[in-house]
Structures are given as C-alpha cells and as structure tokens.
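Quick notes on the structure that follows.
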Amino acid sequence: MVVVIIIWELSVRWTGIEKWILPSPTHVFQSFQDMNDTLYSHIWQTLLEALIGLMISLVVGVFTAILVDTSLYMRKIIYPMLVISQTIPIIALAPLFIIWFGFGILPKVMVVALVCFFPIAMNLSEGLKHVDSDMEKLMRSLGANTWQLFWKLKWPYALPSFFAGLKIAATYSVMGAVIGEWLGASKGLGILLTRSSQSFMTERVFATIFVIVLLSLGIFMVIELIGRWTMGWHYKQQKTLTRGE
C-alpha cells in the first residue's frame, strides 16, 4: 500500500493531472484537514446507522437460522425466501423506504439490516445443518433434550460459520448505510460523498472513501476480536492443524 501511494503521488506530480480528475494523496490528506470541523458528525451518523442495522440483522438472522434448523418443513418455506430476498437490488428498495418512512434514520437502518441479514442467517443456518451426526446421536443416547443439544453441541459447532457470516455483514454494514444516505439524508458519509462528487471536489471523494474503508475495517476487526475471545478453542485447533501437530 505504501508503494502504491508513493507511485500515485509521483505520477500525479509528473503528469500534471488536474486535481478534480485525480488528486494526489497529498491533496486527499489536505482535504481531511479542511473537513475536520464537519467530518466527525458525518462519521458518527453513518456509524450509528451501520451499528443499529447490524444489530437488528444479527438478532433477526440468528432467529431465522434457528427457525430454519428446527424442521425440514420450515427450511423448505424460509430458505427459498432468503435466496429470493437477495435477488432484489437494494438500490431499488432504498427509494421506497424513503417514500414510506421519510428522510430520518429509519430507512438507512432498514437498508443496512437487509444487506447484513442474509450472510448471517445463511452462514449460521449452514453451520447448524452440518453438525457432526455421530456427536448428535451420542448426546441423544445420553438423554440430552432439544435445548441441551442446541446449546452444548449445535451452537458451539456453528460458531465459526456464524462469525464468518458476521464478518461479511460487518463489511457490508457501512456500505449499506452509505447507499441509504445517497438517496436522501442531511448528514452522513453518503451525502458527503454525493455533494463532493457533484461539486467536482474529487479529493474529498477519495477522503470520504478512505473513511468508509476505515470504518468497515474497524467493525470487522472488533468482530474478529470477539470471535477470538469466544472461540479460543477453534483458533488453537487451527494453529495445531497448521503446524501439523
């Protein structure tokens, strides 16, 4: 990344490309200082929308995955609906949310929740589905009830799949909030991106994109740390397999 930034800076300086076409990293950094007074309020708004939407998708996604796992009948009903929900472009639904719910925070949160819901529900559902059948038979033979079977076997077994889906959703959450803000907002990184683009302030566009990337990576890293703390046994097992011990 450092090499890319250096090449980018030198190329812009040598070729003399106009700032509104391709700003140099120096111009992008300068725009951070120019936006310092207003940038943090936009960041906070987008981050709030992303986190609330992610929490909603987490709760609904876990509930849906557990419901799908309860019976084959429920899987046949819900699973196709999960897949169909992802064939509808979110950019087409966002304007409808604006019409129905106004320009407040609710439409943005709903967009984030819809974007993040699928990877959480799908990955957890697959994790619960592929539990070791021999372990399940063993626990049933020892008299485990449905709750004990889920909490002692299925949930720990599905945790790696769950966190894999949650990390995918984390990277989508900020993007979902930005998409919602594109179509109507008074504050947020999405509206800042739109205004900067329409004003040909390309250095601010790059600066805003950089902030969006940092926010997504930040949420991703928090979930990664929670996963390592929750599944210490899983990471130790991976290290053992990697070393061939």
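Details
- Residues within segment 14-71 that are in contact with a helix residue (DSSP H, G or I) (Cβ under 9 Å, 6 or more places away or on another chain), at pLDDT 85 or above, under 25 Å from Gly180 (Cβ atoms) and of a type in the set (Ser, Thr, Tyr), tallied: 3
- Yes/no for Val59 being within 17 Å of Ala164 (Cα to Cα), crowded, with 16+ Cβ neighbours inside 10 Å, under 22 Å from the mean Cα position of the chain (by Cα) and among the aliphatic types (A, V, I, L, M): no
- Condition check for Val111: among the aliphatic types (A, V, I, L, M), free of Cβ contacts under 8 Å to residues at least 40 places away in the same chain, at negative phi and buried (at least 17 other Cβ atoms within 10 Å of the Cβ): no
- Conditions (1) more than 30 Å from Pro156 (Cα to Cα); (2) touching a residue at least 40 places away in the same chain (Cβ under 8 Å): number failed by Leu51: (1)
- Test result for Leu48, over 30 Å from His130 (Cβ atoms) and outside any helix (DSSP H, G or I): no
For every residue, the table says whether it meets (1) surrounded by 15 or more Cβ atoms within 10 Å (Cβ to Cβ); (2) charged (D, E, K, R); (3) in contact with a Phe, Trp or Tyr (Cβ under 6 Å, 6 or more places away or on another chain); (4) closer than 19 Å to Ile209 by Cβ.
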{"residue": "Val4", "(1), (2), (3), (4)": "no, no, no, yes"}
{"residue": "Leu51", "(1), (2), (3), (4)": "yes, no, no, no"}
{"residue": "Tyr73", "(1), (2), (3), (4)": "no, no, no, no"}
{"residue": "Val83", "(1), (2), (3), (4)": "no, no, no, no"}
{"residue": "Gly102", "(1), (2), (3), (4)": "no, no, no, no"}
{"residue": "Pro107", "(1), (2), (3), (4)": "yes, no, yes, no"}
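- Taken over segment 1-43, the criterion of being within 27 Å of the chain's Cα centre (by Cα), assigned to a helix (DSSP H, G or I), under 30 Å from Ile105 (Cβ atoms) and not small (Gly, Ala, Ser) is satisfied by Val28, Phe32, Asn36, Thr38, Leu39, Tyr40, His42, Ile43.
- For segment 183-193, the count of residues that are within 23 Å of Ile105 (Cα to Cα) and free of Cβ contacts under 8 Å to residues at least 24 places away in the same chain is nonzero.
- Per the listing Ala185, Ala177, the residue uniquely of a type outside the set (Asp, Glu), crowded, with 19+ Cβ neighbours inside 10 Å, under 18 Å from Pro95 (Cα atoms) and at pLDDT below 85 is Ala185.
The values are calculated or read from the model by the stated rules, or taken from the named source; none is laboratory data. Treat the numbers as computed from the prediction; the structure is a model and nothing was measured. Note: ideal-geometry Cβ built from the backbone for every residue, glycine included; neighbour counts use all protein chains shown.
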